[in-house]
1. Sort through 24, 13 and tell me the only one that's surrounded by 20 or more Cβ atoms within 10 Å (Cβ to Cβ), outside any strand (DSSP E or B) and at pLDDT 95 or above.
2. Could we say that residue 221 is surrounded by 14 or more Cβ atoms within 10 Å (Cβ to Cβ), assigned to a loop (DSSP other than H, G, I, E, B) and modelled with pLDDT of 95 or more here?
3. Of the residues in segment 186-195, how many are loosely packed, with under 15 Cβ neighbours inside 10 Å, touching a helix residue (DSSP H, G or I) at 6+ places or on another chain (Cβ under 9 Å) and assigned to a loop (DSSP other than H, G, I, E, B)?
4. Of 212, 247, 261, which residue is farther than 20 Å from residue 75 by Cα and modelled with pLDDT under 95?
5. Please count how many residues of segment 48-58 are more than 21 Å from the chain's Cα centre (by Cα) and buried (at least 20 other Cβ atoms within 10 Å of the Cβ).
6. Take the residues in segment 79-102 that are free of Cβ contacts under 8 Å to residues at least 60 places away in the same chain and more than 16 Å from the ligand (Cβ to nearest atom); name whichever of them is farthest from residue 222 (Cα to Cα).
7. Criterion first (in a helix (DSSP H, G or I), in contact (Cβ under 8 Å) with a residue 60 or more places away in the chain, within 9 Å of the ligand (Cβ to nearest atom) and under 22 Å from the mean Cα position of the chain (by Cα)) does residue 40 satisfy it?
8. Of the residues in segment 9-37, how many are within 14 Å of the chain's Cα centre (by Cα) and either without any contact (Cβ under 8 Å) to a residue 24 or more places away in the chain or near the ligand (Cβ under 6 Å from one of its atoms) (or both)?
Ligand SMILES: NC(=O)c1ccc[n+]([C@@H]2O[C@H](COP(=O)([O-])OP(=O)(O)OC[C@H]3O[C@@H](n4cnc5c(N)ncnc54)[C@H](OP(=O)(O)O)[C@@H]3O)[C@@H](O)[C@H]2O)c1
């Protein structure tokens, strides 16, 4: 069966392509640069050059595909100008869906995000948790709007959303992975006490494929394997890496002040800012059990994901051997 994938050169997309190819699907993947084309080709997909705003090219590339995985997105905080988040995530999703309808695709699996739940503080959120009514970041806002577009457009295409929490495992040294790496490298003197949910990259990819075969149209599925506090994550890292993690607790008021200081830094994307401080301080906890019950997904234990992540850091030369 032919499938069309957007975002195939990214962290999540690469893993989804690997699984699709392993399952025997013919994969055509959107690539907006020669580097992206090389990446998806090396994974066994046929590259289709184009961008998310290229409706004609999308329709042409999707023709004959029964399934589309719309994974492409902009995942960024602290942008001075947030317009690209809305252009890529919201407008891009609308264009992909319209192209899928024009190409008579049966089903689109839309990669949303757990952040679209917008749970109130302290909640262990499910797909049905009521939204708190405001957004922590422009990224969160843009992914919320994108999901509304994906599940709201009535174009005769089945749409199923998957909502990963922080994706971790081999291949990712950004996001939560950056925090883990800095902690293990001893470059994180202070850390706020917070909690976050993680899904193994491999479980995330399998969740995408299961949503394609077992998902109910119009439904969203959180993909989230486990939730840890910062302290618990660091204990897991220490055990997996046999390296000490020594970070002192950063009180919330200081986190807020660091965010304000970051706002003053120059550049189109600052390394830290109020938005990021808000996201980190708020914390997240998601319940990914609907995907288990309804899609048949299984999750790796936290220890296994952290170990795989650490092993990958080492294989990339990012970490010293144990001491
Ligand atoms: N990583 C996570 O923890 C996480 C968690 C929840 C949800 N998600 C969602 O998962 C999706 C993928 O995230 P990721 O972590 O894999 O991100 P990533 O590694 O940054 O990859 C993003 C992908 O989107 C493509 N892309 C971006 N803008 C595009 C455009 N205008 N036209 C065509 N392609 C474009 C990129 O292509 P290039 O290679 O050419 O840049 C790349 O293939 C996103 O929708 C994100 O919101 C991610």
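1. On the way: 24 fails: surrounded by 20 or more Cβ atoms within 10 Å (Cβ to Cβ).
Answer to the check: 13.
2. Details: surrounded by 14 or more Cβ atoms within 10 Å (Cβ to Cβ): yes; assigned to a loop (DSSP other than H, G, I, E, B): no; modelled with pLDDT of 95 or more: yes.
Criteria not met by residue 221.
3. Pass one, segment 186-195, residues loosely packed, with under 15 Cβ neighbours inside 10 Å: 186-187, 189-190, 193.
Pick out the ones that are also touching a helix residue (DSSP H, G or I) at 6+ places or on another chain (Cβ under 9 Å) and you get 187, 190, 193.
Still in the running and assigned to a loop (DSSP other than H, G, I, E, B): 187, 193.
Looking only at that region, the number is 2.
4. Working: 212 fails: modelled with pLDDT under 95; 261 fails: modelled with pLDDT under 95.
Every option except 247 fails the conditions.
5. Summing the residues that are more than 21 Å from the chain's Cα centre (by Cα) and buried (at least 20 other Cβ atoms within 10 Å of the Cβ) in segment 48-58 gives 2.
6. 102
7. Numbers: in a helix (DSSP H, G or I): yes; in contact (Cβ under 8 Å) with a residue 60 or more places away in the chain: no; within 9 Å of the ligand (Cβ to nearest atom): yes; under 22 Å from the mean Cα position of the chain (by Cα): yes.
Criteria not met by residue 40.
8. Within segment 9-37, the first condition is being within 14 Å of the chain's Cα centre (by Cα), and the residues that meet it are 9-16.
Next, from what is left, pick out any that are either without any contact (Cβ under 8 Å) to a residue 24 or more places away in the chain or near the ligand (Cβ under 6 Å from one of its atoms) (or both): 9-13.
Number satisfying all stated conditions: 5.
The values are calculated or read from the model by the stated rules, or taken from the named source; none is laboratory data. Just so it is clear, the model here is predicted, and its values are computed rather than measured. Cβ: placed from backbone, ideal geometry, glycine included. Neighbour counts: every protein chain shown.
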